[in-house]
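One structure is given below, encoded as structure tokens.
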């Protein structure tokens, strides 16, 4: 990385939380004037400058980044008791601490955080790929007694501390034995513990890497997730400070009481309890069975088909879930899916019974412009539509909720506005509802919307839902109060799209703004010969034409290849019926009822975040 001036580094760190900052506040923080501030901005790395948005005196990165300045490192040291050093570039933050140890320094409670590492590593000498500002990479050193029999479980203690601090920042991660922090099937971070003996003491150096931004390296980007995907304004400085404080509490307790004091808490956060797994040692399959927990020394407890428990200790061991051994193919959910060849596959609506309630895992809400829809997901991970109601009368929703405990997880997205959201929360009678926004990255999909906070969350979850029904490039069309037409590439980039009035809004606009067109809407024809039919034809042509244009643009962008069309919403059938036959033959066209709810479910199931 090109040498980074300290003031530019400090500016980068000020903006790294992804929030909007006024230039006067930034200048004051850097003790400079506005002209100097602009100079420092031009000294940022090119990819950081591309991430920077400047408007009306406000500067903001499109997304949070992993940057800690030397001044911030000093402040973290005052808050935590660690001596924290911030480096722009190094081989490995672990190596820096071991070099200090080699020189005879007491490295106890020293920490090093690096913007970029040229030789970052994980377990079994795997390389850690990074770009400066993309991952939060740091190491800390701790001294422990030589006779500590629990040293092998130290990575588990550190992982548990990381998971707990992430939860404080509203990131619901889990742990994969022995040293990974995961969100669903995707890796969020990793831990590497190295130890050496001097005299009567172990010195342990603990290296931690967390993806704040989604990794760009081709080898890992579809296997990883990021803090930013769940918390767009993730604060690396706050996380690092809180984690060092947590470890200062946990490590002395661990050295005194051993892993037993943390065993139950660790198992609660272990992702694969009850899962069939395969155990590999140096790449060779050595065992398989179901994970039932960890023992008092942190060893993995694996139950075989005969019911016997085998304990696996750390070392050159890795664990993979049994279903991960084969390629993962998208599973078509059992729901209302209509294909354009007139074959229909639609499950019958299910009535919520006491048995269904018992098996339910969580509830999902779709707060559209005109009405609220809700669904529930059972223990078999099947989505069941619950009902819908206008915001003026949400009694049906309130009655539905009474069948569930008050602490039952409820998640949703809403584009209906603050007053209608308040009405939904009032109908929920104080139950906690987690409203999810659009995100820069999720489930391997990158959102290229200019200001992701202004992106309608229904459009985003429609996109995430579309990945269950198509792995090709795809045009996602939602036909409700407004019609939204969005483009997703085969390699999972959401490019953006267009918004236009829905059929009712078109009709109302014609009725209000024209003298002679306030009349019933007729039937659409290729060449309409009455005003009522011409109105219907114009509305259909406008909507279908916008879909056709988007399909052609996406096809031209990728220089051919298949482009599917997924339609959802009350007006979906009208559009599907009037698309040209040639387009339907060329593209798979589907109608998917309640696509937003499938997008929400897809996000929850892959992040385990409810």
Response to the item:
Least to most buried among 448, 308, 606, by other C-beta atoms within 10 Å and fewest first, runs 308, 448, 606
Discussion item. Give me the one-decimal nm value for the distance between modelled label points at residue 248 and residue 431, 7 Å along each residue's Cα-to-Cβ direction.
Written reply: 4.2
Worksheet item: Counting every Cα pair in the stretch 470-591, what percent are over 22 Å apart?
Response: 36
Discussion item. Sorting check: for 423-435, 371-383, which peptide has the highest mean count of neighbouring beta carbons within 10 Å, and how do the rest follow?
Written reply: 371-383, 423-435
Response to the item:
For the stretch 470-591, averaging the sequence separation of alpha carbon pairs under 8 Å that lie six or more residues apart and dividing by its residue count, the contact order in percent is 28
Discussion item. Using 0.36 nm times the number of residues separating residue 49 and residue 500, minus their current alpha carbon distance, what extension gain do you get?
Written reply: 159.1 nm
Item to complete: Taking all pairs of distinct Cα atoms, average 1/r, flip it, and tell me the Kirkwood hydrodynamic radius of the stretch 452-497 in Å to one decimal place.
Response: 10.7
Practice prompt. Could you state the angle between the C-alpha long axis of helix 154-168 and the longest principal axis of the C-alpha atoms of the chain, as a value from 0 to 90 degrees rounded to the nearest 10?
Written response: 40
Worksheet, complete the sentence: With N residues in the stretch 370-442, Rg(alpha-carbon) / (2.2 N^0.38 Å) equals 1.12
Fill in: Percent of beta bridges antiparallel (DSSP, the stretch 470-591, rounded to nearest 5)
60
Response to the item:
Restricted to the chain, the DSSP antiparallel beta bridge percent, nearest 5, is 75
Practice prompt. Take the Cα radius of gyration of the stretch 6-61 and divide it by 2.2 N^0.38 Å, with N its residue count; two decimals is plenty.
Written response: 0.97
Worksheet item: Fully extended, how many nm does the chain gain between residue 99 and residue 559 (0.36 nm per residue separation, minus their Cα-Cα distance)?
Response: 160.3 nm
Worksheet entry | Cβ-Cβ FRET estimate between residue 471 and residue 19, R0 fixed at 45 Å, reported to 0.05 | 0.80
Worksheet item: In what sequence, highest mean first, do 8-19, 28-39, 163-174 appear when ranked by Cβ atoms within 10 angstrom?
Response: 8-19, 163-174, 28-39
Discussion item. Given the DSSP H assignment, sum -39500 (n - 2.57) over each helix run of at least 4 residues in the chain and divide by its residue total; what's the result at 222 nm in deg cm²/dmol, nearest 500?
Written reply: -9500 deg cm²/dmol
Worksheet item: In bins 20 Å wide, starting from 0, what share of all Cα pairs of the chain does each bin hold, as a percent?
Response: 17, 46, 30, 6, 0
Item to complete: Fewest Cβ neighbours within 10 Å first, please rank 391, 47 accordingly.
Response: 47, 391
Discussion item. So for each of 410-420, 467-477 I average, over its residues, the number of other beta carbons within 10 Å; can you give me the resulting order with the highest mean first?
Written reply: 467-477, 410-420
Item to complete: Express the relative contact order of the chain as a whole percentage, based on alpha carbon pairs under 8 Å and six or more residues apart in sequence.
Response: 10
Worksheet item: For the stretch 70-268, what's the relative contact order in percent, using C-alpha pairs closer than 8 Å and at least 6 residues apart?
Response: 21
Discussion item. If I take all pairs of Cα atoms in the stretch 70-268, what percentage of them are more than 28 Å from each other?
Written reply: 20
Worksheet, complete the sentence: In this structure, the FRET efficiency calculated for residue 275 and residue 395 from their beta-carbon separation, with R0 = 41 Å, to the nearest 0.05, is 0.50
Discussion item. At R0 = 51 Å, how high is the FRET efficiency between residue 3 and residue 169 if r is their beta carbon distance? Nearest 0.05 is fine.
Written reply: 0.95
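Values quoted throughout were computed directly from the atomic coordinates according to the rules given, and no laboratory measurement underlies them. Computed from a predicted structure; not experimentally measured. For neighbour counting, all protein chains shown are included, and Cβ atoms are generated from backbone atoms with ideal geometry for every residue, glycine included.
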